[in-house]
1. Would you mind telling me which numbered condition in (1) open to solvent by less than 80 Å² (accessible area, probe 1.4 Å); (2) touching a Lys or Arg at 6+ places or on another chain (Cβ under 8 Å); (3) hydrophobic (A, V, I, L, M, F, W, C) LEU83 fails?
2. Given the criterion open to solvent by 50 Å² or more (accessible area, probe 1.4 Å), within 15 Å of PRO80 (Cβ to Cβ) and out of contact with any Phe, Trp or Tyr (no Cβ under 8 Å at 6 or more places or on another chain), identify the matching residue among GLU25, GLU32.
3. Could you list, in sequence order, the residues of segment 113-157 that are under 26 Å from the mean Cα position of the chain (by Cα) and open to solvent by 100 Å² or more (accessible area, probe 1.4 Å)?
4. Counting only residues that are under 13 Å from the mean Cα position of the chain (by Cα) and either surrounded by 15 or more Cβ atoms within 10 Å (Cβ to Cβ) or touching a residue at least 60 places away in the same chain (Cβ under 8 Å) (or both), how many does segment 93-112 have?
5. Would you point out which residue out of ARG89, ARG73, ARG94 is at positive phi and either modelled with pLDDT of 95 or more or charged (D, E, K, R) (or both)?
6. Given the condition among the aliphatic types (A, V, I, L, M), farther than 14 Å from GLU25 by Cα and in contact (Cβ under 8 Å) with a residue 12 or more places away in the chain, answer yes or no: does some residue in segment 74-87 qualify?
7. Given the criteria surrounded by 14 or more Cβ atoms within 10 Å (Cβ to Cβ), touching a residue at least 12 places away in the same chain (Cβ under 8 Å), of a type in the set (Gly, Ala, Ser) and touching a Lys or Arg at 6+ places or on another chain (Cβ under 9 Å), does ALA54 qualify?
8. If CYS72 satisfies every condition in (1) under 26 Å from CYS23 (Cβ atoms); (2) open to solvent by 50 Å² or more (accessible area, probe 1.4 Å) but one, which is the exception?
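The values are calculated or read from the model by the stated rules, or taken from the named source; none is laboratory data. These numbers were taken from a predicted model, which means no experiment stands behind them. In this analysis, Cβ positions are derived from the backbone assuming ideal geometry, glycine residues included, and neighbour counts consider all displayed protein chains. The accessibility values were calculated without ligands, DNA or RNA, using every heavy atom of the protein model including side chains. Shrake-Rupley method; radii C 1.70, N 1.55, O 1.52, S 1.80 Å.
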Amino acid sequence: MIGLDSVSARFWPKVTGGDFATCWEWSAARNERGYGRFSVGGRQGRMVEAHRVAYELMVGEIPTGLELDHTCRNPSCVNPWHLDPVPHRVNSQRSTAGRVNAARQRAVTHCPAGHPYDDENTAYRKDGRRRCKACGRDAARRRYEADPEQHREAARRYRARKKVAR
């Protein structure tokens with residue numbers, strides 16, 4: 001960050017609070033979602049989220065690929081001890097919208113084709129989403145019926161690779 005001393009001198013007067021356990025409220029400009037905004041680099045600088053500045057001033061650089069999750073759920077809080085660097089997916093899951101969406105997904109007990117999401121019929125993708133095994137088998141059958149020779153050729157290549165691997 002550019003000129004940490006000058007940034008720090010301009011930043012901290014805009015913060016109220018100071019106890020580690022309580023939220024440190026940002027008292028200056030905020031965006032439409034309530035997150036504090038702070039100008040880095042003077043009048044020609046860029047606007048950044050205030051909680052990111054507080055974290056970098058007090059803790060250090062935010063690890064690449066991670067974003068700061070407000071564990072207190074208060075977007076105007078800049079207390080670095082209320083900020084947890086996590087991947088976007090975790091941040092989304094922890095959010096109110098993430099919890100509502102997860103609950104809504106758990107309430108869905110059958111796939112769009114009507115097959116049950118139960119232990120025998122449910123597989124999980126790497127990203128955690130469910131998929132219906134019966135629908136997967138149906139799709140594979142349709143692909144086979146559309147071009148059986150392509151399937152046979154793929155099976156031959158698979159057996160040849162398996163034979164070489166021995």
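1. (2)
2. Values: GLU32 fails: within 15 Å of PRO80 (Cβ to Cβ).
Of GLU25, GLU32, the one residue that is open to solvent by 50 Å² or more (accessible area, probe 1.4 Å), within 15 Å of PRO80 (Cβ to Cβ) and out of contact with any Phe, Trp or Tyr (no Cβ under 8 Å at 6 or more places or on another chain) is GLU25.
3. TYR124, ARG125, LYS126, ARG129
4. 2
5. Every option except ARG73 fails the conditions.
6. Within segment 74-87, one or more residues are among the aliphatic types (A, V, I, L, M), farther than 14 Å from GLU25 by Cα and in contact (Cβ under 8 Å) with a residue 12 or more places away in the chain.
7. So ALA54 does not fit the description; no.
8. (2)
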